[in-house]
Amino acid sequence: MKKILLIIGSSASGKTTLGKFIQTLGVNELISHTTRDKRQGEQEGETYYYITKEEFDKLDKLEQTYYAGNYYCLSRQEVERHKEDLVYCIVDSEGVRQIKENYGKDNVVVIYIDVSYPQMVERMRKRGDSEEKIEERIDYAFTTNEKERDLAVADYAITNTDLETQKEILSYLINKLKKEMNDEKKVIL
């Protein structure tokens, strides 16, 4: 069975940037389904699969959430669509729990991307988030103990201070995972 690499972390921790780098290492991203409308610039099958609630209800879901009036999920069909042995997805800690429960904890590897609060604020400002949105995210992180919660479900943690260093660490981890998976195949054969 293939492994799913799950990337978790706070807003502006660098999950999306590091996810794009992971793709350069030959690990494809799993695309979630949503019932929300497509936003300007988003692409069907690249950002999300945009579906109706009726279609959503028929999916075999590994994880799902309801946010701001819309449903989101990662489907088993999306995982099985990929031929590769290792794929990745960006989720939250609740998504990790659901995927481990529905796909098997031995088939999941979780990497937590950490960022300091000052860096988080700086990055959110740089990407154009409003001061109100930044304050909400920082408050959420503190009141929910987001870092502690995410670290509790992570197999690995990376502090994202320097992009090039993080890329080296991710390359090492992904190559290690691929080697372990290849070694497991040899034992089975």
Q) Can you pull out the residues in region 111-137 that are within 19 Å of Thr17 (Cα to Cα), in a loop (DSSP other than H, G, I, E, B) and either in contact with a His (Cβ under 6 Å, 6 or more places away or on another chain) or of a type outside the set (A, V, I, L, M, F, W, C) (or both)? A) Ser116, Arg127, Gly128, Asp129
Q.
Give all pairs with beta carbons closer than 6 Å in which a residue from region 149-164 that is in the same structural domain as Gly14 (by TED's automatic domain parsing) meets a residue that is in a loop (DSSP other than H, G, I, E, B); count only pairs at least 6 apart in sequence or on separate chains.
A. Asn160/Ser13; Asn160/Gly14; Asn160/Val115
Q. Picking from Gly14, Gly19, Gly41, Gly26, which residue would you name as being touching a strand residue (DSSP E or B) at 6+ places or on another chain (Cβ under 9 Å) and more than 24 Å from Asp85 (Cα to Cα)?
A. Gly14
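Yes or no, residue by residue, for (1) free of Cβ contacts under 8 Å to residues at least 40 places away in the same chain; (2) aromatic (Phe, Trp, Tyr):
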site	(1), (2)
Phe56	yes, yes
Leu59	yes, no
Glu63	yes, no
Tyr71	yes, yes
Leu74	no, no
Arg125	yes, no
Gly128	yes, no
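Tell me which residues, restricted to region 105-133, are of a type in the set (Asp, Glu) and either touching a helix residue (DSSP H, G or I) at 6+ places or on another chain (Cβ under 8 Å) or over 28 Å from Leu86 (Cβ atoms) (or both). If you could, list the steps in order and put the result at the bottom.
Within region 105-133, the subset of a type in the set (Asp, Glu) is 106, 114, 122, 129, 131-132.
The answer is Asp114, Glu122, Asp129, Glu131, Glu132.
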Q) Any residue at all in region 15-25 that is among the aromatic types (Phe, Trp, Tyr) and assigned by TED's automatic domain parsing to the domain that holds Ala152? A) yes
Q.
Please return the ranges of strands (runs of 3 or more DSSP E) entirely within region 19-110 where 2 or more residues are buried (at least 19 other Cβ atoms within 10 Å of the Cβ) and hydroxyl-bearing (Ser, Thr, Tyr).
A. 70-75
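Quick check on region 111-119. Is at least one of its residues over 17 Å from the mean Cα position of the chain (by Cα), under 17 Å from Gly14 (Cβ atoms), surrounded by 19 or more Cβ atoms within 10 Å (Cβ to Cβ) and among the aliphatic types (A, V, I, L, M)? Give the steps one after another, and end with the answer.
Step one: filter region 111-119 for residues over 17 Å from the mean Cα position of the chain (by Cα), giving 116-119.
With the extra rule that they be under 17 Å from Gly14 (Cβ atoms), the set shrinks to 116-119.
Next cut, surrounded by 19 or more Cβ atoms within 10 Å (Cβ to Cβ) only: none.
Scanning region 111-119, I find no residue that is over 17 Å from the mean Cα position of the chain (by Cα), under 17 Å from Gly14 (Cβ atoms), surrounded by 19 or more Cβ atoms within 10 Å (Cβ to Cβ) and among the aliphatic types (A, V, I, L, M), so the answer is no.
The values are calculated or read from the model by the stated rules, or taken from the named source; none is laboratory data. For clarity, every value in this text was computed on a predicted model and none was experimentally measured. Using ideal geometry, Cβ is built from the backbone for each residue, glycine included, and neighbour counts are taken over all protein chains shown.
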